[in-house]
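Where a number appears in this text, it was derived from the coordinates with a stated rule and is not lab data. Just so we're clear, the structure is a prediction, and the values are computed from it rather than from any experiment. Cβ coordinates were reconstructed from backbone atoms using ideal geometry, including for glycine residues, and neighbour counts include every protein chain displayed.
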Amino acid sequence: MSHGRVKELGDGELFSELSAAGSKLVVVDFTAAWCPPCKAISPRFVDLSNEYPNVVFLKVDVDKCRSTAQSCGVSAMPTFHFYINSKKIAEFSGADPNKLKSYIEQHQTKPSFASSGQALGHGPAPTQQPKLVLSSNEANPALVRELIEMGFPENRAKKALIIVKNSSSQAAMDWIFENMEKPDIDDPITNNNNNNNNNNNNNNSSTTSSTSTAPVVHDALCDICHKQIIGIRYKCKVCPNYDLCQDCKEGGKHPADHECVAHDKNIENYVMTPEERALQKKKLDEKVMELRRIKAEDEAKREIEREISRRSSGKEQQQSLQKWQDDQMKKEQEKIKKEKEDELRAKKRIKEKIEQDRLERLAKKNASSGTTPAVVAAAPVAVTPVVATTTPANYSEVTIQIRLPTGSAIRGVFKPSDTLQVVYQYIVEKGDQGSHFKLSTSYPRKIYTSDELKTTTLEAAGLVPNGTLILTK
C-alpha cells in the first residue's frame, strides 16, 4: 500500500528494499497507529516524498512488523532511519518536520555525482551490488553452513556467530568449546531492548542522532585482545586468517617482521577451504572425544565416592543398630534379674510369715496346756533353717513364664521332670508363634539347641519352682 511516494512495508521486506534502492538515499519512518506524534508528521512525510523524487520513502508499522523493528533497535515512535547502500548513516526520534527535511537535504545523493559515468572504451561502468548489512541478531548464512558442515548443531552455530558478531567461524568454534558444558548453550538469544519510558508523552522530542563520521565497526574480533575491531582492521600475511586491531598492531604485540594489510572498510571474512573444514572437523571430533573422556572419568570418580559414602553410612547404621539391640538385651536381663530378686524376697517373707504363725500357734497351745512358754522365744532361730533346707525337695509343680518378642508373656505349669521340649510344644500349641523359634534363659545367658531341649529337664535348667524363658525368632 502506498500514500504519495511512500511505500508501506510488511515484516521482513526492509532489507530487500534497501538492496533494491542501491546508492539512493532511503528514509524509513518507524510509526505506530496509536501514536499521536506519528499521525501529526505523517502528512508532512508524504509531502516530502513528492518534493524529493530521487529519495526513497518507506514506512514501517512497528505493530505489524515487530521483527523488523526489533532488528533495527527501534524503541521510540516516530523514529526515522536514513540508509545509503544498505548502510544506516543517520537516525533520530521525534516528530520534527524541519529536522526531517534537514537530514534529507544533507544526505541525499547529488544529481551531478549520482551517475556512474562512462568507462573509457566501454559502456556504462558496472554498478557494484551493495552489500546487505546483517543486524546484530542475525548470523551470517555462509558461516552457519560452514559450521554445520563441521558437525555443529544449527542453533548452536547461529548463537555463536551472533555472539562473536559474525567475525569468523574460528571465533565461533572457540566460543562453543568454552561454553560447551553450560546447560543453556542451545537456548535462543533474547533481545533486551529497553522499552520507551517517556517518549509516548512527548510530541516533539529528539533523543538520538548519529552521523556518518562514526568509525567503521568491522565484523571481526582481534586475535590478540579478542575485542571488536573498530577503525582500521589489519590482516597478517604470514599468519593465516589472523586479524589485528589498531592498538595491538601499533603496540608491538604482534611480530614486527610480519607484513600486515590495513583495511579501513569492512571486508568479507575468510571462508575456509574444504580441506581446512575437514581438518577443523577432525580437531572438533578429537576435542569432543577428549571432553567426553574427561566427563566419563569425573563421573566414575564421583560414582566411587558415592559408593564409599554409601558403604560407610551403611556400616555406621549397622553398628548403631547392633548397639541398640545390645542395650535392649542388657535392659531385659536387668529387668528379669530384678524380677527374680523380688520374687525370692517375696518367698522369703512368706516363709518367715508361715514360720511365725506356726510358732505363735505352738505358743498358744503350750499356754493352754500349762507348759512354760520359755522355748517359744528361741524357736525361730532353730526352726527357720530347717524349713529352708527341706522345702525344695517337695515341689511337684513348676511355673514357667515365657516372654514373647512382642513384650507380652504366657505362663504354664509343668512337672520338674518335664524336659524343655515339653515347654516348646506347649508354646506351639498355645500361641501363634509357629514352630521355628528358640528358647533361652537370661541369667546366666543360655540358648538351648534342639538336642538340649529334648534332654534338659526343668529341674536341671534351674527353673524349679518357677522360672522364665525368653522366646526368640
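Where does each of Asp186, Asp174 land when they are ranked from fewest to most other beta-carbon atoms within 10 angstrom?
Asp186, Asp174
Using a 10 Å cut-off around each Cβ, can you sort Asp61, Asp357 from fewest to most neighbouring Cβ atoms?
Working: Asp61 20, Asp357 10.
Ordered by Cβ neighbours within 10 Å, fewest first: Asp357, Asp61.
Spelling out what I want: for every residue of the range 219-233, take phi, set θ = phi - 60°, compute 6.51 cos²θ - 1.76 cosθ + 1.60 (Karplus), and round to whole Hz; glycine and proline get x.
7, 7, 10, 5, 6, 9, 8, 6, 10, 4, 7, 10, x, 9, 10
Rounded, prolate or oblate, given the Cα gyration tensor of the range 398-472, with a/c below 1.5 counting as rounded?
Note, shape of the range 398-472 comes out rounded.
Out of residues 5 or more away from Lys7 or on other chains, whose amide H comes under 5 Å of its own, with H placed 1.01 Å from N in the peptide plane?
For Lys7, the qualifying residues are Phe57, Leu58, Lys59.
Per Stokes-Einstein, at 20 °C and 1.002 mPa s, what whole-number D in µm² s⁻¹ belongs to the range 33-105, with the Kirkwood radius over Cα pairs as the hydrodynamic radius? Intermediate values should be presented prior to the final figure.
On the way: Rh = 13.0 Å.
Translational diffusion coefficient: 165 µm²/s.
What is the set of long-range amide H partners of Cys65 at a cut-off below 5 Å, with H atoms built 1.01 Å from backbone N?
none
Across the range 339-350, in residue order, what do the Karplus-derived ³J(HN,Hα) couplings come to in whole Hz, using 6.51 cos²θ - 1.76 cosθ + 1.60 with θ = phi - 60° and x for Gly and Pro?
Once θ is set to phi - 60°, the couplings for the range 339-350 become 5, 5, 5, 4, 5, 5, 5, 5, 4, 5, 5, 5 Hz.
Quick one: Lys415, Lys323, fewest Cβ neighbours within 10 Å first, how do they rank?
Taking fewest neighbouring Cβ atoms as first place, the list is Lys323, Lys415.
Got a sec to turn the phi values of the range 308-314 into Karplus ³J(HN,Hα) couplings, 6.51 cos²θ - 1.76 cosθ + 1.60 with θ = phi - 60°, whole Hz, x for Gly and Pro?
In residue order, the calculated couplings are 4, 5, 5, 5, 4, 5, x Hz.
Quick one: Cα convex hull volume of the range 1-46, Å³ per residue? Before the final figure, lay out the partial values.
Numbers: hull volume 3.9 nm³, N = 46.
Dividing the Cα hull volume of the range 1-46 by its residue count gives 84 Å³.
In debye to the nearest 20, how big a dipole does the range 6-107 give about its Cα centre with +1 on each Lys and Arg Cβ and -1 on each Asp and Glu Cβ? Walk me through the numbers before you get to the answer.
On the way: 11 positive and 12 negative charges, 25 e Å.
Around 120 debye, computed over the range 6-107.
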